[in-house]
1. So A114 ticks every box in (1) open to solvent by 20 Å² or more (accessible area, probe 1.4 Å); (2) in contact with a Ser or Thr (Cβ under 6 Å, 6 or more places away or on another chain); (3) not in a loop (DSSP other than H, G, I, E, B) but one. Which box is left unticked?
2. Considering (1) in a loop (DSSP other than H, G, I, E, B); (2) open to solvent by 40 Å² or more (accessible area, probe 1.4 Å); (3) under 19 Å from H180 (Cβ atoms), say which one G11 fails and leave the rest.
3. Give V234, V270 a once-over and let me know the one that is modelled with pLDDT under 50, open to solvent by 20 Å² or more (accessible area, probe 1.4 Å) and over 19 Å from V373 (Cβ atoms).
4. What is the residue count in the stretch 357-366 for residues that are surrounded by fewer than 21 Cβ atoms within 10 Å (Cβ to Cβ) and out of contact with any helix residue (DSSP H, G or I) (no Cβ under 6 Å at 6 or more places or on another chain)?
5. Restricting to the stretch 14-33, count the residues that are open to solvent by less than 30 Å² (accessible area, probe 1.4 Å) and under 19 Å from S181 (Cα atoms).
6. In this structure, does Q142 turn out to be open to solvent by 50 Å² or more (accessible area, probe 1.4 Å), at pLDDT 90 or above and on the phi < 0 side of the Ramachandran plot?
7. Within the group S193, S223, which residue is open to solvent by less than 20 Å² (accessible area, probe 1.4 Å), modelled with pLDDT of 85 or more and of a type in the set (S, T, Y)?
8. Is it fair to say I6 is over 16 Å from S118 (Cβ atoms) and either over 21 Å from the mean Cα position of the chain (by Cα) or open to solvent by 20 Å² or more (accessible area, probe 1.4 Å) (or both)?
Amino acid sequence: VDVAVIEVGLGGRIDATNVVQTPIVCGITPLGYDHTEILGNTLEAIAGQKAGIFKKGVPAFTVSQPHEAMQVLKDKASQLDVHLQVASQLDGNLLNGLHLGLAGEHQYVNAGLAIMLSSTWLQRTGHPGFKSIDQTSYLPEQFIKGLTTASLQGRAQVVPDRACDVNSPSDLVYYMDGAHSPESMEVCANWFSLAIKEDDGQQCSSSHKLDDSRPINDPRKDSEQVLLFNCMPVRDPQLLFPRLLDTCAGHGVSFRKALFVPNMSIYTKVGSSSSLPPTDSQVDLSWQLTLQRVWENITCGEKGNPESNGHVYDEGKDNDETSVTSCKNSIVFPSLPLAIKYLRDTVKQNKSLRLQVLVTGSLHLVGDVMKLVKK
């Protein structure tokens, strides 16, 4: 192994990765309210846990953090004689006209940190001919190649549904991001709003890539947005949904429907082909119904919430055949395949419609959708 990049599980102080006692360099990405049931309910507590990866005398980098979190990181670094530096955000002009391989403005912050971690590793491991990087004026060609070709499935990923029997794959497109914290939900909403505007030809300010060649959109079709969502019960939808809705609304984007489904992957063991998920009637949908209630309370309480236009969505309530629970602004499906079928049927039945589906809330859900859509 030439170099190992080891990501912590949840925290740092009690993380199993501390078995590595003398790393070359440590890094802490933007902190937010995630895994609070384990790490604590304040940014100070969370930062204290994250700072647990610092090792005595080992240099460390972080990015700009909220004041209360940064102070905790500085105090912990001082105690361990750690030289803690703040990596600056990457200047996109240094990419020679190219874009980061990972979409979203926040990735320029992550890229700045990645550059400092990589350059520090090169320096401390004695690579001949390598000088420290001045991020203000120049990036080595190898760094530019790495930053512009990097890919990460399930984060800001756009996948047209080519299995859908419609005239164009652009009629049903999934915008997938495994965001599951309030902060990442806001980032996801920003990315989604800009991405759909770019795909509709209204705005060109996103750098995301389609998995395949970009389909040509029919300007005569109406674009509508649908949310396909699930999250783990330890998450708080009262915190997630407002961040998503408010950020999208700031871009003039609203969802006609939210679809709530259970994950498939939690019912089957990884790599197992013999175990089948339970039938729809066996699935406990209590959490999905809770998500639906929260969504309805929030969206129905907003002024000017758009009414469903009727010709697009026409489901019966509590359909006995599929146990679908439909409300004004949302539907709970007992399985993901049924939700995908609903989306495909909706597009097939409405030739003038294009659906842009944001899949978020859980990386498990994103992976499940990928498996179904890419078959």
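1. That leaves (2) as the condition not met.
2. (2)
3. Numbers: V234 fails: modelled with pLDDT under 50.
Residue meeting the stated conditions: V270.
4. From the stretch 357-366, those surrounded by fewer than 21 Cβ atoms within 10 Å (Cβ to Cβ) are 363-364; that's our starting set.
Subset that is out of contact with any helix residue (DSSP H, G or I) (no Cβ under 6 Å at 6 or more places or on another chain): 363.
Final tally of qualifying residues: 1.
5. Within the stretch 14-33, residues that are open to solvent by less than 30 Å² (accessible area, probe 1.4 Å) and under 19 Å from S181 (Cα atoms) number 3.
6. Numbers: open to solvent by 50 Å² or more (accessible area, probe 1.4 Å): yes; at pLDDT 90 or above: yes; on the phi < 0 side of the Ramachandran plot: yes.
Taking the combined requirement at face value, the residue satisfies it.
7. On the way: S223 fails: open to solvent by less than 20 Å² (accessible area, probe 1.4 Å).
Of the residues listed, the single one that is open to solvent by less than 20 Å² (accessible area, probe 1.4 Å), modelled with pLDDT of 85 or more and of a type in the set (S, T, Y) is S193.
8. Values: over 16 Å from S118 (Cβ atoms): no; either over 21 Å from the mean Cα position of the chain (by Cα) or open to solvent by 20 Å² or more (accessible area, probe 1.4 Å) (or both): yes.
Against the criterion (over 16 Å from S118 (Cβ atoms) and either over 21 Å from the mean Cα position of the chain (by Cα) or open to solvent by 20 Å² or more (accessible area, probe 1.4 Å) (or both)), I6 does not qualify.
The values are calculated or read from the model by the stated rules, or taken from the named source; none is laboratory data. Just so you know, these numbers come straight off a predicted model, no measurement behind them. Neighbour counts are summed over all protein chains in view; Cβ atoms, including those assigned to glycine, are modelled from backbone coordinates with ideal geometry. Ligands, DNA and RNA are excluded from the accessible area calculation, which covers all protein heavy atoms including side chains. Shrake-Rupley method; radii C 1.70, N 1.55, O 1.52, S 1.80 Å.
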